[in-house]
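Since the structure comes first, as structure tokens, the remarks are kept for the end.
The values are calculated or read from the model by the stated rules, or taken from the named source; none is laboratory data. From a predicted model like this one, the values you see are computed outputs, not experimental measurements. For neighbour counting, all protein chains shown are included, and Cβ atoms are generated from backbone atoms with ideal geometry for every residue, glycine included. Side chains included, ligands, DNA and RNA excluded: accessible areas come from the protein's heavy atoms. Shrake-Rupley method; radii C 1.70, N 1.55, O 1.52, S 1.80 Å.
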Amino acid sequence: MVRLPLTPAEVARGRRLGALLRRARGERSIVEVALDAHVSPETLRKIESGRVATPAFPTIATIAEVLGLSLDAVWAEISRSRLDDAPTDACRDTRERLPA
């Protein structure tokens, strides 16, 4: 399967997601949070660093639950600067399909 390159908006959104998860993790170790979320510490490390800019939804949902974050809060935080990211038509179409 060939993956298309990420858009600048997707990369920026991935960085915001990683920063949000790092802040929410606080003093807890990556290992502790990862094990509680049933993901590998390396997966969490890659998400937090932005190296995995588009992680699977169930992965983010589980990590958010472990960190006490609502998915609404996560989405609001990572999409807050979307106008600054100059979204492509594909990004705009995706947002239109999401429930408000």
Mind checking which residues of the range 1-41 are more than 20 Å from residue 71 (Cα to Cα), within 15 Å of the chain's Cα centre (by Cα) and without any contact (Cβ under 8 Å) to a residue 40 or more places away in the chain?
none
Under the condition of being modelled with pLDDT under 95 and of a type in the set (A, V, I, L, M), which residue from the range 34-55 is least open to solvent (accessible area, probe 1.4 Å)?
53
So how many residues does the range 60-72 have that are open to solvent by less than 50 Å² (accessible area, probe 1.4 Å) and of a type outside the set (S, T, N, Q)?
7
Return the total of residues in the range 1-21 being in a helix (DSSP H, G or I), open to solvent by 30 Å² or more (accessible area, probe 1.4 Å) and over 10 Å from residue 50 (Cβ atoms).
2
